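The values are calculated or read from the model by the stated rules, or taken from the named source; none is laboratory data. What you see is a predicted model; the values in this text were computed from it and never measured. With ideal geometry, Cβ positions are generated from the backbone for all residues, glycine too; neighbour counts draw on all protein chains shown. Side chains included, ligands, DNA and RNA excluded: accessible areas come from the protein's heavy atoms. Shrake-Rupley method; radii C 1.70, N 1.55, O 1.52, S 1.80 Å.
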Amino acid sequence: MFENTVDPIIKGDIQIFQPKNGFRFGVDSVYLAWFSQISVNKRIIDIGSGSGVISALLAKLKNVKSIDALEMQPIMFNCLQRTVDVCQIQNNVKLLNLDIRSYRPDFQYDGAVCNPPYRDPSSGRVPEDETELNARFTTTMTADDIFSFCRSFLKFGAPLFLSYDADMMPVLFESAHKYNFEAKRLMPVCPDVNIKPKVILMEFRKGAKRELSFESPLYQKINGEPSPLHNKIFSGEWI
């Protein structure tokens, strides 16, 4: 049996189960949940939910009522189950132990959110742990896989919210155009002022017209100190 930790985040009643060693969620998952504009009563899918941090934050801080949390890896799915239980969000979150490449619902979602792997396994040293490998590298889910699913199973005009490596942003635009999605909002995430973004937060919409809003950067720190926006996000001031 793998070892895990239980980590409170933002508020005491939001606790995340995750592996003690291997893949653990990062600040980009929290930023993405905050960035996502999800209507309370819409049905959305959290693609590659992992330990459930995004689903938990959307349910607890944005009061989203209907989230399908999809995770294919057994270890991460076990963490997801336990996160949902300890956060008491069973009425908000439906668990799906499935692969996005083969999942075929008989309806269309109102929106999707995904913090996907974006590293190419040929780009350098890869972890020996299979769960961490699949969580960080595009071995089981690519940008094409995400947009292909969303083309079929999101409603026309529905949003897809993504976080991605800033240097790999062209991959998202290429896949988006292939599957009839347009970028509508882009927010760079910078470690500090005068440091280029490491991550981008993006909103795409199915079948939308071509017009992009480039939003002010989200600075994690300003001159070495946590930025006011970072502090606001981590204090839970979301609504």
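Mind putting together the pair-distance distribution for the chain? All Cα pairs, 5 Å bins, whole percent per bin, short to long.
P(r) over the chain, rounded to whole percents: 1, 7, 14, 19, 21, 19, 13, 6, 1, 0, 0.
Could you go through region 100-112 in sequence order and give the Karplus-derived ³J(HN,Hα) for each residue, using 6.51 cos²θ - 1.76 cosθ + 1.60 with θ = phi - 60°, rounded to whole Hz, and x for Gly and Pro?
Whole-Hz 3J(HN,Hα) from phi for region 100-112: 4, 6, 10, 6, 9, x, 9, 8, 10, 7, 7, x, 9.
If I take the Cα coordinates of region 1-60 and project them onto the principal axes, what are the three extents in Å, biggest first?
Principal-axis extents of region 1-60 (Cα, largest first): 37, 24, 19 Å.
Roughly how many debye, to the nearest 20, is the charge dipole of region 136-189 about its Cα centre, given +1 on each Lys and Arg Cβ, -1 on each Asp and Glu Cβ, and no other charges?
Value, rounded to 20: 260 debye.
Determine how large the accessible area of Arg104 is when every protein chain is in place; take a 1.4 Å probe and give Å² rounded to the nearest 10.
Surface open to solvent at Arg104 totals about 150 Å².
For Ile16, enumerate residues with amide H under 5 Å from its amide H, sequence gap 5+ or separate chain, H modeled in the peptide plane.
Amide H to amide H, under 5 Å and 5 or more residues apart or across chains, Ile16 pairs with Asp7, Ile9.
Once phi is turned into ³J(HN,Hα) by the Karplus curve 6.51 cos²θ - 1.76 cosθ + 1.60 with θ = phi - 60°, what whole-Hz value does each residue of region 205-217 show in order, with x for glycine and proline?
10, 5, x, 7, 6, 7, 7, 10, 9, 8, 8, 4, x
As a test of reading the structure, rank Met169, Met76 by solvent-accessible area (1.4 Å probe, protein chains only), most first.
Descending order: Met169, Met76.
Provide the per-residue ³J(HN,Hα) series for region 224-235, in order, calculated from phi with Karplus coefficients 6.51, -1.76, 1.60 and θ = phi - 60°, each as a whole number of Hz, with x at glycine and proline positions.
Residue by residue, region 224-235 yields x, 10, x, 6, x, 5, 4, 5, 5, 4, 7, 9 Hz.
Just by accessible area at a 1.4 angstrom probe, what is the order of Asp68, Asp145 from largest to smallest?
Ranked from most to least accessible, the order is Asp145, Asp68.
At 0.36 nm per residue, and after removing the present C-alpha to C-alpha distance, how many nm does the segment from Lys20 to Phe234 gain when stretched out fully?
Full extension of this stretch gives 74.8 nm more.
Set the Förster distance to 22 Å, then compute FRET efficiency between Phe156 and Gln37 from the Cβ-Cβ distance, nearest 0.05.
On the way: r = 17 Å, r/R0 = 0.79.
Approximately 0.80, to the nearest 0.05.
Explain nothing, just the number: dipole magnitude of the chain about its Cα centre with +1 on each Lys and Arg Cβ and -1 on each Asp and Glu Cβ, in debye rounded to the nearest 20.
Working: 28 positive and 28 negative charges, 152 e Å.
Using Cβ point charges on Lys, Arg, Asp and Glu, the chain gives about 740 debye.
Quote the accessible area belonging to Glu3 in square angstrom, nearest 10, computed with a 1.4 Å probe and with ligands, DNA and RNA left uncounted.
Rounded to the nearest 10, that gives 120 Å².
Specify the inter-centroid distance of region 155-220 and region 49-79, based on alpha-carbon positions, in whole Å.
Using only Cα atoms to place each centre, the spacing works out to 22 Å.
Ranked from the most accessible area to the least, with a 1.4 Å probe and all protein chains present, what is the order of Glu225, Glu71?
Output order, biggest surface exposure first: Glu225, Glu71.
Quick one: which of Lys178/Lys221; Lys155/Lys178; Lys65/Lys196; Lys65/Lys198 span more than 28 angstrom between C-alpha atoms?
Checking Cα-Cα distances, Lys178/Lys221; Lys65/Lys196; Lys65/Lys198 exceed 28 Å.
Which net charge results when you count Lys and Arg as +1 and Asp and Glu as -1 among the other residues whose beta-carbon is under 10 Å from that of Ser55?
Here the charged neighbours net out to -1.
For the chain, which DSSP H helices look membrane-span-like by this rule: Cα extent along the axis of 18 Å or more and mean Kyte-Doolittle of at least -1.0?
Answer set is 74-87.
Collect residues whose amide H, placed 1.01 Å from N in the peptide plane, falls under 5 Å from the amide H of Asn4; neighbours closer than 5 in sequence don't count.
Sorted by chain and number, the residues that satisfy this are Lys20.
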